[in-house]
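Here the structure is laid out as structure tokens; the discussion comes afterwards.
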């Protein structure tokens, strides 16, 4: 057992060093690129500063102790903020020179969510003014609040308007609302307990207790009709259809963001392990 633990820690350290080296290679004066400059990546426009990818990288770059990566984290958030739309939306991506911004076909809701999470992370490290990006933060949260259902306190979104753009998820999406709960927690936004309550009833409609709100009961009825409890949160819920495929990322985010109870979290992990989703790679 000791050797297994030692080998595991050594592998984690090797992965960490390789990750830092990759971040260094993908760093530009305006921020972190979503992919290294290969012919295929250039053709697919992946050599851009994607808000989602950059924000996740920022969580590792800020606090890494590497001066260039620390600065790159701030630069990435800066360039995305500079191209923020007038309504508050953070772009899906900006070009490497920080000039052109793209907002996808039907918007890109997770870009704004991840940007807000990354901003809070950088602020908490204490190396920048805690009021930095405050105007942009207020606009971004206002844009998200405008898309929040006034009873469920969950975000509604268009088809394929998050990272899973080849999967037609729409309505109330698990992944996006796990992030929304995290944004609410970090920024002290209102109605967070209502968000928590309806998240667990809407994305887990197989519970015995029925929601009091009649529209929630109808959504729950449609979502569970003809289905068995998969042991996971549903990937999305729309009016008359829902996502029964297992969204591993969304379910794990729900656990990490504190939305799943201890028993629900154990059930999710057990289901994912039984499906061998971690093989051959964890």
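Distance from the Cα centroid of the stretch 236-274 to that of the stretch 95-109 is 29 Å (rounded to whole angstrom).
On the beta carbon distance between residue 56 and residue 241, with R0 = 25 Å, the FRET formula returns roughly 0.25. Each peptide in 148-161, 43-56, 255-268 gets a packing score, the mean of other Cβ atoms within 10 Å over its residues, and the list from highest to lowest is 43-56, 148-161, 255-268. When each of 273, 167, 61 is scored by the number of other beta-carbon atoms lying within 10 Å, the sequence from fewest to most is 273, 167, 61. Once the Cα atoms are used to define both axes, helix 134-145 deviates from the longest principal axis of the chain by about 30 degrees. When 175, 105, 281 are sorted by how many other C-beta atoms sit within 10 angstrom of their C-beta, beginning with the fewest, the order is 281, 105, 175.
Each residue in 74, 119 was given a count of other beta-carbon atoms within 10 angstrom of its own, and listing them fewest first yields 74, 119.
Calculated from the structure at hand, mean projected area of the Cα convex hull in nm² is found among (i) 16.5; (ii) 13.7; (iii) 18.7 as (i).
Any read-out appearing in this document is the output of simple, stated calculations on the displayed coordinates, not a laboratory observation. For clarity, every value in this text was computed on a predicted model and none was experimentally measured. Neighbour counts are summed over all protein chains in view; Cβ atoms, including those assigned to glycine, are modelled from backbone coordinates with ideal geometry.
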